[in-house]
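No lab work stands behind these numbers, since they all come straight from the coordinates. All values derive from a computational prediction rather than experimental measurement.
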C-alpha cells in the first residue's frame with residue numbers, strides 16, 4: 001500500500017474512516033453472504049419489472065422489510081453505507097447492467113471482486 005501524506009489532520013481522519021468502512025463492509029459481507037444473494041434477487045426483480053435503473057438504497061430498504069416484517073427478524077441490521085458496495089458488486093458481476101444503479105463517487109469505488 002502506498003504511504004499517504006496529508007496536509008491536514010482532517011484529511012487523514014477522512015481517509016482512515018473510508019478505509020475502515022471498506023474493511024467493515026468486507027467483514028460484514030463475509031459473515032452475511034445471504035444479504036448479497038437477497039440483494040441480487042431483488043435487483044433482478046426490479047430489472048424484470050422493466051426498470052432501466054434504480055437506487056441501491058431501495059433494495060436495502062426492501063431487505064429490511066423482508067427481514068423485519070415478513071420474516072419477523074428484528075435483529076437484522078445493515079449499514080446504509082453498504083448499499084454503495086452491493087450495487088458496485090452487482091454491476092461488476094453483471095456487466096450487462098453496468099449502469100443500472102445510479103452511483104456517486106464513493107469509497108466503494110475501490111471495491112475489487114477478488115476482495116470478496
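At a glance:
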{"item": "For the range 9-115, average projected area of the Cα convex hull in nm²", "result": "7.4"}
{"item": "Relative contact order computed over the range 9-115 (Cα-Cα under 8 Å; 6+ residues apart), in percent", "result": "30"}
